[in-house]
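Student: My questions will all concern the structure given below.
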Amino acid sequence: MKKTSIFAFVAVPLLLASCIAAEQDNTECDIEEVSLHLDSPIDFFFHEYDTLQTVISTETDIVFTIRSYANIQSVPLSLRITEGASIYMISEDGTETPFLSGSPVDFSNEKVYHFRVVSEDKVWSRNYSISVVHDKPSEGNLFIDYESYHLDASGKYFVWDAPEVFPDATWKNGNPGFKISKSSAKPMDYPSTPAVGAGPDGSDCVKLETCDTGPFGRMANMRLASGSMFNGIFDVGNALTAPLEATLMGSPYTHKPIQVRIWLRYEQGSVFQDRDGKLVEGVVDEPDFYIVFYRNEDAEGNKVQLNGGDILTNPNIVGLGRLPHHYNSDGSDQLSNDPIHGVTDEWQEFTIPVVYRSEIDATILENQGYSIAFGSASSWQGGYFAGAIGSKLYMDNLQLFCE
């Protein structure tokens, strides 16, 4: 017995030393930040901060948007990569050349440059593209039928194409976070999926469903995942530690939205539960849909992007339209057994006006000083991990009307 104990005490430090030695070389291979260095950024970009992008862990296509008449030629490109990693520029013939951060790059004519980042331990690598594209002015009004979708690169969940006026032309949802909690799920088991032929006109539509996140979700005290759809960024790297802040909502828009029309259908889950998984008596689940228009710059000229925690309360909001709900006297959400949103299990077209709290500055609007955010969820308290598992919100044929 004594020999075994002595051996255990000796073996543990040796094992720890072995692990430390094995982990000395970094295995990460990410671009963390990209910046373009210009003497007069505002001549090319709408905001000075547009020259810098922080790259989230799931992003590999990095796109800068400049004014429609601008043209960037030779400009120093600075890349911050993970510690110990190396970066190479890939030529058209596949040749790789070490890239020195700060080297000049010609981005004229919307050229796309490809890079490969190799981890310090030389085992892992990741490919990126970086480009500068021109702003594409739109007429303002949009029609979105949710029929353009595909599986993500891993083949695990669905991704929907968004209008090109959004920076990356892709709708975001919580599917990447659900993948972490329930990696064994099939694509159609995720919270946001296509419903083939189930639209009001017989076309494909979107189905958002509140799903059980399984044992991992219970361990993390995130027992359910509401199906969702929004425009912006989902930072999956922070999905477990700060889920509301990981949901960055909104895209610059140069038109004043007046109203949205959208077809909705809702199937309510049977049991409303709180974050701890406990039944909440006298409360039923409700869907959510809203449009927010907000000032995307503060008084000091810093970038403002709303997140899942302040998307409906931030003081930078100038216009808001939302499905009707009950609220407490302080403006907070009121859980109810008598919802007033009006969405039933039969398809209906809803008209949601945008109510403005302040006037829109035409010059700021023209220079992308406002952002538009669409948000929808199968459980309106889903961001707080409360709702009814099995609630389903179907959406189709969204129309945005602008002034």
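Student: S101 is checked against (1) surrounded by fewer than 17 Cβ atoms within 10 Å (Cβ to Cβ); (2) part of a loop (DSSP other than H, G, I, E, B); (3) touching a residue at least 40 places away in the same chain (Cβ under 8 Å) and fails just one. What number does that condition carry?
Tutor: Result: S101 passes all but (3).
Student: While we're on this one: Please verify whether region 190-202 includes one or more residues that are surrounded by 13 or more Cβ atoms within 10 Å (Cβ to Cβ), modelled with pLDDT of 95 or more, more than 17 Å from the chain's Cα centre (by Cα) and among the polar types (S, T, N, Q).
Tutor: Kept after step one, since they are surrounded by 13 or more Cβ atoms within 10 Å (Cβ to Cβ), are these residues of region 190-202: 190-195, 198-200.
Now drop any that are not modelled with pLDDT of 95 or more, which leaves 190-195, 198-200.
In the following step, the residues that additionally are more than 17 Å from the chain's Cα centre (by Cα) were identified as 194-195, 198-200.
Subset that is among the polar types (S, T, N, Q): none.
No, that holds for no residue.
Student: May I pose another question? Determine whether region 298-305 contains at least one residue that is surrounded by 11 or more Cβ atoms within 10 Å (Cβ to Cβ), under 19 Å from the mean Cα position of the chain (by Cα) and either outside the structural domain of G282 (by TED's automatic domain parsing) or not hydrophobic (A, V, I, L, M, F, W, C) (or both).
Tutor: Checked region 298-305: at least one residue is surrounded by 11 or more Cβ atoms within 10 Å (Cβ to Cβ), under 19 Å from the mean Cα position of the chain (by Cα) and either outside the structural domain of G282 (by TED's automatic domain parsing) or not hydrophobic (A, V, I, L, M, F, W, C) (or both).
Student: A follow-up question, please. Inside region 171-189, can you point out the residues that are polar (S, T, N, Q) and either farther than 19 Å from G308 by Cβ or loosely packed, with under 15 Cβ neighbours inside 10 Å (or both)?
Tutor: Taking region 171-189 first, the residues polar (S, T, N, Q) are 173, 175, 181, 183-184.
Correct list: S183, S184.
Student: Further, regarding this structure: Can you pull out the residues in region 65-87 that are closer than 30 Å to L240 by Cβ and not acidic (D, E)? Give the steps one after another, and end with the answer.
Tutor: Of region 65-87, the ones closer than 30 Å to L240 by Cβ are 79-87.
Hits for region 65-87 are L79, R80, I81, T82, G84, A85, S86, I87.
Student: Taking D61 as the residue in question, decide whether it is among the acidic types (D, E), exposed (fewer than 14 other Cβ atoms within 10 Å of the Cβ) and closer than 30 Å to A239 by Cβ.
Tutor: Values: among the acidic types (D, E): yes; exposed (fewer than 14 other Cβ atoms within 10 Å of the Cβ): yes; closer than 30 Å to A239 by Cβ: yes.
For D61, the condition - among the acidic types (D, E), exposed (fewer than 14 other Cβ atoms within 10 Å of the Cβ) and closer than 30 Å to A239 by Cβ - is met.
Student: Scan the strands (runs of 3 or more DSSP E) fully inside region 306-383 and keep the ones with 1 or more residues being surrounded by fewer than 20 Cβ atoms within 10 Å (Cβ to Cβ). Walk me through how you get there before you give the answer.
Tutor: Details: elements: 317-322, 348-353, 370-377.
Passing ranges, in order: 317-322, 348-353.
Student: So A198 fits all but one of (1) touching a strand residue (DSSP E or B) at 6+ places or on another chain (Cβ under 8 Å); (2) closer than 26 Å to S371 by Cα; what number is the exception?
Tutor: Against the list (1) touching a strand residue (DSSP E or B) at 6+ places or on another chain (Cβ under 8 Å); (2) closer than 26 Å to S371 by Cα, A198 comes up short only on (2).
Student: Among the numbered criteria (1) surrounded by fewer than 16 Cβ atoms within 10 Å (Cβ to Cβ); (2) at pLDDT 95 or above, which one does V34 miss?
Tutor: Tallying (1) surrounded by fewer than 16 Cβ atoms within 10 Å (Cβ to Cβ); (2) at pLDDT 95 or above, V34 fails exactly one: (1).
Student: Which numbered condition trips up V112, out of (1) among the β-branched types (V, I, T); (2) surrounded by 12 or more Cβ atoms within 10 Å (Cβ to Cβ); (3) touching a residue at least 40 places away in the same chain (Cβ under 8 Å); (4) more than 30 Å from P257 (Cα to Cα)?
Tutor: (3)
Student: Next up: For region 382-403, name all the residues that are touching a Ser or Thr at 6+ places or on another chain (Cβ under 7 Å) and among the polar types (S, T, N, Q).
Tutor: Within region 382-403, just S391 meets the criteria.
Student: Does region 228-238 contain at least one residue that is under 19 Å from G382 (Cβ atoms), hydrophobic (A, V, I, L, M, F, W, C), in contact with a Gly (Cβ under 6 Å, 6 or more places away or on another chain) and modelled with pLDDT of 95 or more?
Tutor: Yes, some residue in region 228-238 is under 19 Å from G382 (Cβ atoms), hydrophobic (A, V, I, L, M, F, W, C), in contact with a Gly (Cβ under 6 Å, 6 or more places away or on another chain) and modelled with pLDDT of 95 or more.
Student: Is there any pair with a first residue in region 354-367 that is of a type in the set (D, E) and a second that is surrounded by 10 or more Cβ atoms within 10 Å (Cβ to Cβ) whose Cβ atoms are under 7 Å apart and which are 6 or more apart or on different chains, and what are they?
Tutor: E366/T254
Student: Moving to a separate point now. Which ones in region 283-300 are in contact (Cβ under 8 Å) with a residue 40 or more places away in the chain and assigned to a loop (DSSP other than H, G, I, E, B)?
Tutor: We begin by selecting, within region 283-300, every residue in contact (Cβ under 8 Å) with a residue 40 or more places away in the chain; these are 283-297.
V283, V284, D285, E286, P287, N296, listed by residue number.
Student: Within region 240-267, how many residues are over 22 Å from N316 (Cα atoms) and either crowded, with 21+ Cβ neighbours inside 10 Å or free of Cβ contacts under 8 Å to residues at least 24 places away in the same chain (or both)? Let's see the steps before the verdict.
Tutor: The initial filter retains those residues of region 240-267 that are over 22 Å from N316 (Cα atoms), namely 240-241, 261-267.
Checking the rest, the ones that are also either crowded, with 21+ Cβ neighbours inside 10 Å or free of Cβ contacts under 8 Å to residues at least 24 places away in the same chain (or both) come to 241, 262, 264-266.
Count: 5.
The values are calculated or read from the model by the stated rules, or taken from the named source; none is laboratory data. Since the model is a prediction, treat every value here as computed from it, not as a measurement. Please note: Cβ atoms are built from the backbone with ideal geometry, for glycine as well, and neighbour counts cover all protein chains shown.
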